[in-house]
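Structure, as structure tokens:
The values are calculated or read from the model by the stated rules, or taken from the named source; none is laboratory data. Keep in mind that this is a model prediction, so the values were computed, not measured. FYI the Cβ positions are ideal-geometry reconstructions off the backbone, even for glycines, and counts take in every protein chain you see.
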Amino acid sequence: MRKNIIAGNWKMNTTLSEGLALAKGLDEALKGKTLKCDVVIGTPFTHLASVAAAIDTKRIGVAAQNCADKDKGAYTGEVSAAMVASTGAEYVILGHSERRQYYHETSVTLEAKVNLALANGLTPIFCIGEVLAEREAGKHFEVVDEQVRTALFDLSPEDFSKIVIAYEPVWAIGTGKTATADQAQEIHAHIRKTLAAKYGDVIANDTTILYGGSMNAENAKDLVAKPDVDGGLIGGASLSVEKFLPIIEAF
Ligand code: PEP
């Protein structure tokens with residue numbers, strides 16, 4: 001079944017003690033609340049095990065922001081999907097535009113990461129989205145189609161149904177510029193159609209598609225009210241309970 005999810009992406013922010021305080025603060029704030037969405041926090045690798053042990057992971061799922069494209073071995077500095085899973089994390093954000101842009105991640109490496117994440121029981125939150133020039137050239141539909149096709153469409157229907165998609169227009173990430181709710185709905189509906197053409201209506205309808213890009217307390221309600229927007233991936237506003245909580249409560 002399609003789930004509503006609000007996921008935070010802390011990026012390379014917070015020391016361990018700051019991250020623990022943030023996670024515990026959110027856990028405390030959510031205690032006793034009946035929510036209409038699942039809540040996930042994407043912490044740095046160094047925080048995963050401590051955060052997962054410090055909070056109620058039934059209330060808040062924990063995500064890594066990346067994992068290696070190799071299983072294990074002589075890959076100095078890398079963190080495998082199995083290592084991520086061993087911390088108590090259940091999700092992994094993959095293909096974020098910052099990783100595609102700064103670390104040159106390609107569909108080939110991302111496909112390997114998705115496969116390893118799934119093999120280790122993690123739920124990939126797979127990010128796609130166009131840059132401004134592509135949007136201005138009217139190419140955003142073909143860009144997202146290509147991103148899902150090249151990294152995900154070799155998955156079996158069973159494996160594909162474990163994926164969460166996050167549509168994140170690159171021009172809206174960290175810029176304060178949000179896609180309008182209508183723009184988000186338009187492209188989410190398009191993505192769902194693309195998924196339906198490959199995997200059929202049932203799987204496409206059950207796929208959670210998140211919006212990401214300067215989502216905040218003010219714009220979240222309009223975005224999540226759209227039928228094909230099933231939640232959000234939130235960067236900046238996930239770094240404080242005060243800003244993140246109203247987004248969670250937007251459903
Ligand atoms: C993100 O990093 O995925 C993101 C959406 O960032 P922000 O909310 O800060 O735009």
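Test of understanding: among 158, 168, which residue is in contact with a strand residue (DSSP E or B) (Cβ under 6 Å, 6 or more places away or on another chain) and acidic (Asp, Glu)?
Answer to the selection: 168.
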Yes/no for residue 178 being away from the ligand (no atom under 16 Å from the Cβ) and among the hydroxyl-bearing types (Ser, Thr, Tyr): no
Scan (1) exposed (fewer than 13 other Cβ atoms within 10 Å of the Cβ); (2) more than 16 Å from the ligand (Cβ to nearest atom) for the single condition residue 107 breaks and write down its number. (1)
Considering the range 218-230 alone, what residues qualify as being more than 12 Å from the ligand (Cβ to nearest atom) and of a type outside the set (D, E, K, R)? 224, 225, 227, 229
Looking at 248, 209, which one is more than 12 Å from the ligand (Cβ to nearest atom) and either modelled with pLDDT under 95 or under 14 Å from the mean Cα position of the chain (by Cα) (or both)? 209
For the list (1) of a type in the set (Ser, Thr, Tyr); (2) within 15 Å of the ligand (Cβ to nearest atom); (3) closer than 19 Å to residue 93 by Cβ, I need the number of the one condition that residue 240 fails. (3)
Can you spot a residue in the range 157-171 that is more than 21 Å from residue 186 (Cβ to Cβ), without any contact (Cβ under 8 Å) to a residue 60 or more places away in the chain, more than 16 Å from the ligand (Cβ to nearest atom) and buried (at least 18 other Cβ atoms within 10 Å of the Cβ)? yes
Of 146, 136, 142, which residue is closer than 26 Å to residue 185 by Cβ, modelled with pLDDT under 95 and not polar (S, T, N, Q)? 136
Residue that is surrounded by the fewest Cβ atoms within 10 Å (Cβ to Cβ) [pool: residues in the range 18-57 that are part of a helix (DSSP H, G or I) and among the β-branched types (Val, Ile, Thr)]: 46
Residue set 121, 77, 88; condition more than 14 Å from the ligand (Cβ to nearest atom) and either in a helix (DSSP H, G or I) or surrounded by 15 or more Cβ atoms within 10 Å (Cβ to Cβ) (or both); output residue 88
Looking at the range 173-191 only, could you name the residues that are crowded, with 20+ Cβ neighbours inside 10 Å and modelled with pLDDT of 95 or more? 184, 187, 188, 191
Are any residues in the range 174-196 touching a residue at least 60 places away in the same chain (Cβ under 8 Å) and in contact with a strand residue (DSSP E or B) (Cβ under 7 Å, 6 or more places away or on another chain), and if so, which ones? 191
